[in-house]
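The structure under discussion appears below in the form of structure tokens.
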Amino acid sequence: MLVNRVNILKLQTESREKMTGAQILVEMLQQYDVDVIFGVPGDTSVPLYEALYDSRPKIRHVMARDERSASFMADAYARLTHKPGICECPSGAGPLYSVPGVAEANASSIPVILLTSDIPLSGEGKQTITELDCQSLFESITKWSSIIKDAHKIPETIRRAFRIATSGRPGAVHLAFPQDVLMGEFTPNDRLIYGESECRTYPAYRTRGSRHVLEMLAEHLTAARRPVIIIGGGANHSQAGKSISALAEWLATPVVTTISGQGILPDDHPLAMGVIGDNGFHPHAHRAVEAGDVLLYIGCKMGSVSTINWSMPAYRTDRQIIQIDLNPEMLGNNFQNTLSVAGDARLVIEDLLILVKGKTKQREPSAWVESLNASRAEFWQIAEDDFRSDDIPLKPQRIIAALNRRLTSGAIVISDAGTPTPYMARFLKMGGSDSRFIIPRSYGGLGYAIPALVGAHFARPRARLVGLFGDGSLGMSAGELETLSRLGIPAVLIHFNNSTFGWIKALQKLHSQGKYFSVDFTPGRPALVAEGFGLKALEVKTPTELDAAMDKAFSSTAPVFLDVITQPEVDHLPPVYSWLEAAEKASAR
Ligand SMILES: Cc1ncc(C[n+]2csc(CCOP(=O)(O)OP(=O)(O)O)c2C)c(N)n1
């Protein structure tokens with residue numbers, strides 16, 4: 001028997017040809033159903049590109065114009081597919097340029113795996129051009145950073161990379177492949193070439209909350225007079241929307257979200273009270289939180305923005321704070337919790353719902369919930385004035401309203417920092433099920449949206465894509481307009497053109513007595529840049545032009561760039577809680 005088994009293995013081994021390290025790497029990626037890699041070519045990546053060429057059409061390579069963009073593409077792809085996003089770059093400048101996307105993904109719990117090809121091991125320490133200690137470079141912005149020094153170790157290291165990226169709190173991983181490891185030839189043993197199916201998607205190895213703690217949670221929640229559910233990005237990563245809405249509906253509990261938690265319930269759901277925090281908040285959502293006696297935070301880090309520098313919720317002895325997070329390090333980190341539940345949001349809520357249903361009948365919305373809804377209706381009624389505003393330059397509200405009217409089910413909307421953030425948080429109305437709003441909230445790095453549209457396209461090839469960005473962001477990512485054009489990606493690009501780093505200029509007005517310093521651009525003609533890269537481009541100054549241009553863009557199957565001249569933040573403060581408060585204090589002086 002033993003002899004037979006050995007023979008089978010020998011046969012399997014013999015049936016393989018010699019392979020290079022690069023070929024084994026590509027084969028291992030296929031074991032994880034990797035269908036696309038975003039990257040930029042370089043001297044050290046030639047062996048990898050040859051292996052990718054030979055593997056066609058199994059893995060598509062998407063050439064970006066900048067490694068930062070490639071990492072943003074992988075990030076957006078991962079957010080939408082729930083599969084790890086893969087990006088690659090060559091030694092030296094490549095890893096240096098890819099830092100922003102890797103850091104954003106890691107801090108936002110998104111599994112991005114960065115593969116860097118590196119100088120040969122034989123050149124280590126000898127002033128080889130592009131030599132860089134990229135293992136150390138990525139240590140502080142990944143869950144794991146490593147150099148593979150022996151091609152035989154590629155299969156096990158790739159498995160470790162996927163396992164680490166997708167399990168626990170998902171995050172980024174970096175692996176460096178020295179050129180001689182990529183080129184080294186050997187005959188792999190078939191038994192070693194396999195992937196772990198659990199780690200093809202994330203979160204891998206989801207954990208349930210402990211039964212005892214869930215019983216206590218059900219007790220607190222059903223006994224609450226004014227419970228409020230507060231949703232962070234973690235609930236979206238966990239795809240907990242259905243179970244959260246079932247729980248909220250059973251208990252008739254209002255639900256508020258952070259910016260990253262947006263979309264967990266449909267915007268018109270009678271219990272969806274809107275966005276909390278400093279940036280783009282809904283006043284009725286804040287009211288709900290402050291009046292709540294049991295606040296149930298789900299997948300929410302309770303950081304500076306969602307809590308307005310930890311001032312919301314205000315301390316009250318009769319208030320209970322309960323937090324569910326898959327990362328135990330987050331539990332009770334910023335507020336004193338009454339109860340902390342370590343576990344995956346979807347599984348915890350599914351289990352909780354069974355317990356809650358056993359304790360109480362389905363409830364009707366209370367008078368308090370009705371009053372929140374009345375404030376919410378009033379808020380949207382008042383907003384109509386700005387949605388219809390004929391101001392020139394255009395109000396951001398008018399632009400978002402024009403967008404909302406055209407968003408259909410399955411749309412993917414991606415936003416940058418600057419003007420779009422507070423207005424999207426406050427006024428965006430997603431077009432129904434399967435729509436997603438994506439925004440990089442850990443670092444808010446300008447220049448995310450345009451490359452992220454490329455990643456989104458490969459995640460959802462038939463989706464209607466919309467990107468929103470200021471002129472500061474455009475300056476940082478304009479090169480990827482060529483990528484959108486080359487790949488013919490059907491995206492509507494909305495450029496908030498106010499000729500300034502408007503966000504910072506507004507801060508200078510608020511806190512530096514209007515001493516404007518190094519914030520203004522020359523206006524230029526950005527539409528011509530887009531046109532030069534092969535996009536359709538339209539300049540928009542008036543409400544009539546806005547509607548006509550939006551119609552054209554939304555009926556196009558090619559990328560369309562709308563250069564919309566917009567009011568800067570300095571002229572009309574956006575809905576940022578701390579800014580409005582500062583302005584109020586200043587005017588009272
Ligand atoms: C890479 C990066 N550098 C600097 C910042 C700081 N920052 C935040 S908002 C902002 C201005 C944004 O300007 P723009 O994109 O033109 O949008 P606007 O505020 O004018 O709408 C800057 C510079 C940042 N978020 N990201």
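Worth a mention:
One line per residue, one yes/no per condition, for (1) of a type in the set (D, E, K, R); (2) outside any helix (DSSP H, G or I):
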position	(1), (2)
Arg163	yes, no
Pro170	no, yes
Phe177	no, yes
Val181	no, no
Arg191	yes, no
Arg206	yes, yes
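- Conditions (1) hydrophobic (A, V, I, L, M, F, W, C); (2) within 16 Å of Gly467 (Cβ to Cβ); (3) free of Cβ contacts under 8 Å to residues at least 12 places away in the same chain: number failed by Ala548: (2)
- Whenever a residue of the range 191-213 is more than 22 Å from Asn106 (Cα to Cα), its partners that are in a loop (DSSP other than H, G, I, E, B), lying with C-beta atoms within less than 7 angstrom and at least six residues away or across chains, give the pairs Gly195/Tyr32; Arg208/Gly343; Gly209/Gly343.
- Residue in the range 349-368 that is closer than 30 Å to Leu214 by Cβ, of a type outside the set (Ser, Thr, Tyr) and in contact with a Gly (Cβ under 9 Å, 6 or more places away or on another chain) present: yes
- Residue within the range 243-257 that is surrounded by 22 or more Cβ atoms within 10 Å (Cβ to Cβ) and under 16 Å from the mean Cα position of the chain (by Cα) present: yes
- When the residues of the range 28-60 are filtered to those that are among the charged types (D, E, K, R) and closer than 16 Å to Cys87 by Cβ, the one that is surrounded by the most Cβ atoms within 10 Å (Cβ to Cβ) is Asp35.
- Meets criteria (among the hydroxyl-bearing types (Ser, Thr, Tyr) and farther than 25 Å from Ser433 by Cα) for Thr408: no
- Selection from the range 454-496 of residues that are under 22 Å from Met550 (Cβ atoms) and within 8 Å of the ligand (Cβ to nearest atom): Phe469, Gly470, Asp471, Ser473, Leu474, Phe496
- Looking across the range 557-572, just one residue is surrounded by 15 or more Cβ atoms within 10 Å (Cβ to Cβ), away from the ligand (no atom under 12 Å from the Cβ) and outside any strand (DSSP E or B), and that is Pro559.
- Just one of the listed residues (Phe554, Phe533) is more than 16 Å from the ligand (Cβ to nearest atom) and within 24 Å of Arg426 (Cβ to Cβ), and it is Phe554.
- In the set (1) modelled with pLDDT under 95; (2) in contact with a strand residue (DSSP E or B) (Cβ under 7 Å, 6 or more places away or on another chain), Tyr297 fails one condition alone, (1).
- Screening Leu347 with (1) touching a helix residue (DSSP H, G or I) at 6+ places or on another chain (Cβ under 7 Å); (2) part of a helix (DSSP H, G or I); (3) buried (at least 17 other Cβ atoms within 10 Å of the Cβ) gives one miss only, at (1).
- The combined condition, being over 23 Å from Gly479 (Cβ atoms), polar (S, T, N, Q) and within 13 Å of the ligand (Cβ to nearest atom), is not fulfilled by Gln513.
- Residue within the range 399-407 that is more than 24 Å from Ser306 (Cα to Cα) and either within 15 Å of the ligand (Cβ to nearest atom) or among the aromatic types (Phe, Trp, Tyr) (or both) present: yes
- Test: Gly431 is assigned to a loop (DSSP other than H, G, I, E, B) and touching a residue at least 60 places away in the same chain (Cβ under 8 Å): no
- Residues (surrounded by 10 or more Cβ atoms within 10 Å (Cβ to Cβ), part of a loop (DSSP other than H, G, I, E, B) and at pLDDT 95 or above) located in the range 513-530: Tyr516, Val519, Phe521, Arg525
- Scanning the range 428-450 for residues that are aromatic (Phe, Trp, Tyr) and either out of contact with any strand residue (DSSP E or B) (no Cβ under 7 Å at 6 or more places or on another chain) or crowded, with 22+ Cβ neighbours inside 10 Å (or both) yields Tyr443, Tyr448.
- Residue check, Ser415 more than 26 Å from Ser555 (Cα to Cα) and within 16 Å of the chain's Cα centre (by Cα): no
- Checking each residue in the range 286-326 for being hydrophobic (A, V, I, L, M, F, W, C) and either part of a loop (DSSP other than H, G, I, E, B) or closer than 18 Å to Gln262 by Cβ (or both) picks out Ala288, Val289, Leu296, Ile298, Cys300, Met302, Val305, Ile308, Trp310, Met312, Ala314, Leu326.
- Residue within the range 387-394 that is under 25 Å from the mean Cα position of the chain (by Cα) and either at pLDDT 95 or above or away from the ligand (no atom under 14 Å from the Cβ) (or both) present: no
- Among the residues of the range 412-427, those that are outside any helix (DSSP H, G or I), of a type outside the set (D, E, K, R) and either surrounded by fewer than 22 Cβ atoms within 10 Å (Cβ to Cβ) or within 16 Å of the ligand (Cβ to nearest atom) (or both) comprise Ile414, Ser415, Ala417, Gly418, Thr419.
- Within the range 434-493, being more than 17 Å from Leu535 (Cβ to Cβ), charged (D, E, K, R) and in a loop (DSSP other than H, G, I, E, B) holds for Asp434, Arg441, Arg460, Arg462.
- The range 259-285, subset without any contact (Cβ under 8 Å) to a residue 40 or more places away in the chain and not in a loop (DSSP other than H, G, I, E, B), residue nearest to Trp503 (Cα to Cα): Ala285
The values are calculated or read from the model by the stated rules, or taken from the named source; none is laboratory data. Source: prediction; values computed, not measured. Every residue, glycine as well, gets a Cβ built from its backbone with ideal geometry; the counts of neighbours run over all protein chains shown.
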